[in-house]
Amino acid sequence: MPGEGATVDSSDVERRLAGTRFGPVHWFAEIDSTNRWLLDRAREGAAEGVVAVADHQTAGRGRLGRTWTAPPGASLLTSILLRPDLPPARLHLVTAAVALAAADACAALAGVEPELKWPNDLLVGDRKLAGVLAEADLREGAPPAVVVGIGLNVRWPRDLPPELAEVATALNRLRSGPPPERADLLVALLEGLERRCQDLDAVAAEHRGRCATVGRRVRVDLGASAIEGVAVDVTDDGHLVVDAANGRHVVPVGDVVHSRSV
Ligand code: BTN
């Protein structure tokens, strides 16, 4: 369903996704937040598989209540509605599945192999290539609805505000040729996600094995306090296990900075 003024014909994307659970694809020229829009549709009863994409977001949402900004047309900004048959403690698996599928799409289409930083950032060096935000609608007696949104930086202009220039990167800055089209990245991501949704139990081991935070010396910012130590594992609930001088910590939510490998 192409949105008015959108730069991509989403009916072509929908055709390419035939045989997966994904579609319809709503591609907006501009919206406040694809996560906000899709969570509203989920609350109205939308089926698993609906996808929202935007060329530009005016109020993109990031983790921990932050905003997510990107220049218009420069990133793949997408949200995906899933209704997994999982208890709340395991819903993080769908978020991990999206991050893994996005990393594979970058490798396949751009030759760029991002690292996964806990919980689900895609990093190249110490710069962020993509971030993932899951928001759930949990109701008694109904399967949970999870909206997983990802912002993947694809073709960023040379001039960026300093707060982005210092911490972020984009596919066009990591390869010599032109970056892949956002529609092609979306199709590759959703194909990889379809495969993982068919066996979400396997995602825990895949995520643990590919999460570059495990084995690293880290600083975990918890807002009022911080933990410094070595990240040693990710639990089945998706929490980060950190060995610090004062003992072992299991961290459900936080911001991680990677230091050197140990
Ligand atoms: C993070 O803070 O790292 C997560 C950022 C997630 C941003 C994406 S962009 C598409 C989707 N819509 C939103 O409002 N946020 C997510």
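For residue 163, the conditions (1) closer than 20 Å to residue 129 by Cα; (2) of a type outside the set (A, V, I, L, M); (3) surrounded by 15 or more Cβ atoms within 10 Å (Cβ to Cβ) are fulfilled apart from (3). Restricting the search to region 234-245, which residues are closer than 20 Å to residue 88 by Cα and not small (Gly, Ala, Ser)? 234, 235, 236, 237, 239, 240, 241, listed by residue number.
Against the test of being touching a strand residue (DSSP E or B) at 6+ places or on another chain (Cβ under 9 Å) and either within 16 Å of the ligand (Cβ to nearest atom) or modelled with pLDDT of 95 or more (or both), the options 15, 63 yield a single qualifying residue, 63. Go through (1) within 12 Å of the ligand (Cβ to nearest atom); (2) crowded, with 24+ Cβ neighbours inside 10 Å; (3) among the β-branched types (Val, Ile, Thr) for residue 58 and report which single condition fails. Unmet for residue 58, out of (1) within 12 Å of the ligand (Cβ to nearest atom); (2) crowded, with 24+ Cβ neighbours inside 10 Å; (3) among the β-branched types (Val, Ile, Thr): (2). Of the residues making up region 65-73, not a single one is in contact (Cβ under 8 Å) with a residue 12 or more places away in the chain and not in a loop (DSSP other than H, G, I, E, B). Looking at region 90-111, is at least one residue out of contact with any helix residue (DSSP H, G or I) (no Cβ under 6 Å at 6 or more places or on another chain), within 14 Å of the ligand (Cβ to nearest atom) and of a type in the set (Lys, Arg)? Within region 90-111, not a single residue is out of contact with any helix residue (DSSP H, G or I) (no Cβ under 6 Å at 6 or more places or on another chain), within 14 Å of the ligand (Cβ to nearest atom) and of a type in the set (Lys, Arg). When residue 221 is tested against (1) modelled with pLDDT of 95 or more; (2) among the acidic types (Asp, Glu); (3) over 27 Å from residue 54 (Cα atoms), only condition (1) is not met. Counting only strands (runs of 3 or more DSSP E) that sit wholly inside region 154-262, those with at least 2 residues that are of a type in the set (A, V, I, L, M, F, W, C) and touching a residue at least 40 places away in the same chain (Cβ under 8 Å) are 226-234.
With respect to residue 98, determine if the residue is among the β-branched types (Val, Ile, Thr), in a strand (DSSP E or B) and crowded, with 17+ Cβ neighbours inside 10 Å. The answer is no for residue 98. Considering only region 22-46, state which residues are crowded, with 17+ Cβ neighbours inside 10 Å, more than 12 Å from the ligand (Cβ to nearest atom) and within 14 Å of residue 145 (Cβ to Cβ). Correct list: 41, 42, 46. Among the conditions (1) more than 12 Å from the ligand (Cβ to nearest atom); (2) more than 25 Å from residue 187 (Cβ to Cβ); (3) without any contact (Cβ under 8 Å) to a residue 24 or more places away in the chain, the only one that residue 114 does not satisfy is (2).
Please work out if residue 136 is within 16 Å of the ligand (Cβ to nearest atom) and surrounded by 22 or more Cβ atoms within 10 Å (Cβ to Cβ). Spelling it out, it is not the case that residue 136 is within 16 Å of the ligand (Cβ to nearest atom) and surrounded by 22 or more Cβ atoms within 10 Å (Cβ to Cβ).
So that you can scan it fast, the table gives a plain yes or no per residue for (1) of a type in the set (Gly, Ala, Ser); (2) modelled with pLDDT of 95 or more; (3) under 29 Å from residue 77 (Cβ atoms):
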residue	(1), (2), (3)
151	yes, yes, yes
172	no, yes, yes
185	no, yes, yes
216	no, yes, yes
238	yes, no, yes
241	no, yes, no
260	no, no, no
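Residue pairs whose Cβ atoms lie under 8 Å apart, separated by 6 or more positions or on different chains, with the first residue in region 11-24 and on the phi > 0 side of the Ramachandran plot and the second at pLDDT 95 or above and assigned to a helix (DSSP H, G or I), are 23/14.
Under the condition of being crowded, with 16+ Cβ neighbours inside 10 Å and not charged (D, E, K, R), the residues counted in region 8-19 number 4.
Confirm whether residue 84 is more than 9 Å from the ligand (Cβ to nearest atom) and either free of Cβ contacts under 8 Å to residues at least 24 places away in the same chain or in contact with a strand residue (DSSP E or B) (Cβ under 6 Å, 6 or more places away or on another chain) (or both). Answer is no for this residue. Of all residues in region 135-142, at least one satisfies being touching a Leu at 6+ places or on another chain (Cβ under 7 Å) and of a type outside the set (A, V, I, L, M, F, W, C).
The values are calculated or read from the model by the stated rules, or taken from the named source; none is laboratory data. Keep in mind that this is a model prediction, so the values were computed, not measured. Heads up, the Cβs are rebuilt from the backbone with ideal geometry, glycines too, and the neighbour counts pull from every protein chain shown.
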